[in-house]
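Values quoted throughout were computed directly from the atomic coordinates according to the rules given, and no laboratory measurement underlies them. A quick note: this is a predicted structure, and the numbers were derived from the prediction, not measured.
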Amino acid sequence: MAAFLTVVAVVANQKQVYYKNCLQMYEIEKCNYEEEMQQVKEECLTLKRSLAASSAKMLKQNQFLMQVQAELKNIVSTGFHNCHSIQDKITKLEDAIDYYLKSDKRWNDFKDNFDKIHPHFFSRLTKEYPNLTNSELRLCALLRLNCNTKDIAQLLGVSQKSANMARYRLRKKMKVQTDKPLNSFMMGY
């Protein structure tokens, strides 16, 4: 009987040691997981800041270029009608600025940053709406970032009227109810 009690005590002790080891392993894994989660949160926050910074930078660049473009149009319309070479140079400059405002490289850079923060946004959107154009996808991304029409117009290098029309056409194409804001609708992707 004493031997039996000794065996039971040893087995109970071994189970206690085993559970204690399991608990320690769990605590270590929990600590590692929490550290990893903190790193992921910090990376996500950094990416969001980076995206916000690049959006702000792009917005400022577009505002500047649009001001320059407006000034060039003003110069052409007010005083240099007789000097065709200056007018031609200014027109070429306007065209170059317009091309820059609608540049695909800038869009690709923005899209890469956007994909890091919202990794499945474009794939889900294009899966459900395969007929969306690149311009419409740009608009969807800006709506997902909760940009207002004025900022969208400046970022896309178009007038506010054009941005409103693009929103309207997108709403119709995606069959979004008029009582639901497009920004809210895009949050679902």
Reachable lysines from residue 60, criterion Cα separation under 24 angstrom, eight or more residues apart if same chain: 48, 73, 92, 102, 105, 111, 116, 150, 161
Can you tell which of 95, 109, 179 shows the greatest fluctuation in a Gaussian network model of the chain with Cα springs below 10 Å? 179
How tilted is helix 84-101 with respect to the longest principal axis of the chain? Cα atoms for both, answer in degrees (0 to 90, nearest 10). 20
In whole Hz, what ³J(HN,Hα) sequence does the stretch 118-132 give by Karplus (6.51, -1.76, 1.60; θ = phi - 60°), x for Gly and Pro? 10, x, 10, 4, 5, 5, 5, 5, 6, 5, 7, 10, x, 8, 5
When the gyration tensor of the chain is built from Cα positions, what are the square roots of 5 times its three eigenvalues, in whole Å, from largest to smallest? 61, 20, 11
In whole Å, what are the extents of the stretch 107-188 along the principal axes defined by its C-alpha atoms, from largest to smallest? 30, 26, 20
